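First up is the structure itself, then whatever we jot down about it.
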Amino acid sequence: MKTILVIEDESNIRDNIEEILSLEDFQAIATDNGLEGLQLAKTHRPDLIICDIMMPQLDGYEVLKALRQQESTATIPFIFLTAKAERSNQRQGMELGANDYLTKPFTSSELRNAVTAQLNQQMVFEQYADRKLERLRCSIAQSLPHELRTPLNAIIGFSDLLLLDYRSLDSVEIEEMLAHIHSAGNRLHHSVEHFLLYAQLELISTDAQRQQVFRGDASAIATESIVIEMALAVAQRFDRPTDLELDLQPVTLKISTRWFKKMVEELVDNAFKFSIPGTTVTITSQLQEQQFQLSVGDRGRGMTHDQIANLGACMQFERKLYEQQGTGMGLTIVQRLVRLYDGNLSLESIPGQSTVACISLPAAKPSSLKADC
């Protein structure tokens, strides 16, 4: 049975709502003030809240704001009850996270329809979240053992050989084994750092205070020099500097240097990883309508529409066919970082031919640049 919390200071309206909900087989919990309503919401975790705006102790806006700031109540559907004279204030409620409004006086049919619509919408949202979480679990279960076991096998295997036979090995053989151990260690370190960073970004994305701290080290940076630096470093790592083409405009962003470098590195790394030597990786940047746009294109295997739509952590597509190293988490990390800076990541791809990844970020305004100087 679904539980619905009713917060309404007018007893006749409150009793009427309770009666209608009971007839529809809902369990109704009711109170006449916002402060007690807030406590009931935290204690009972109702499936939906119906709340008046003008109330003693805490008004409806204050109740909603407090609920949205608490992790346990942040996603509970919320319907405001409002008098016709208050309709101009609907925008304030929507900005705080209200899901719907019911204008007094309302009919029993209007109440039932509003409640049913919000509960159905919440059910769809939860089902989507469950499917997304299940895909993430499956992807991690498939990719994490491979990403940890493969380099560990190399480290353990070559170190065993060195311990057992180092007296009979010449310096060239020892150097080759040490190089394999070093490479495997770097790969393992990279995978662990990716998983830790992804977990950190997931926590930040759901916490307003963490987001504020995250953005705290932003400063005015020149994008052109950083893109060149990171692109050349990645191209050298793949031994493909001649495959790199740059067409960059000088644009200033107010962003953390560390996180901008991470965005560029992951986009370029992804382009080189999924294209073959001798094909071009093209990087362009421009300023368009106060938006900095950075595009990284490759002529690799591409992605289907469904693969782009299901972009998520650890979801490296067609691993068995291509056996690429890496978890496929790079683009997801870029997506999370860009969103935290009020930007966007878009992907355009033709399977078997090409992929273009583009990030769009708000450019720094001249006034903000002066303030930093």
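Things to note:
- Potential lengthening between Glu193 and Arg210 on full extension [0.36 nm per residue; Cα-Cα distance subtracted]: 4.2 nm
- Compared with the direct C-alpha span, the chain from Thr150 to Glu289 gains 45.4 nm at full extension, assuming 0.36 nm per residue.
- Compared with the alpha-carbon gap, the fully stretched path from Glu245 to Gln353 is longer by 37.1 nm at 0.36 nm per residue.
- Near-label residues of the range 13-51 by backbone N, under 20 Å of a point 7 Å along Cα→Cβ of Ser109: 16-25
- For Ile276, Ile155, the sequence from fewest to most other C-beta atoms within 10 Å is Ile276, Ile155.
Rule-based calculations on the coordinates, nothing more; no lab input. Computed from a predicted structure; not experimentally measured. Neighbour counts run over all protein chains shown; Cβ positions are idealised from the backbone, glycine included.
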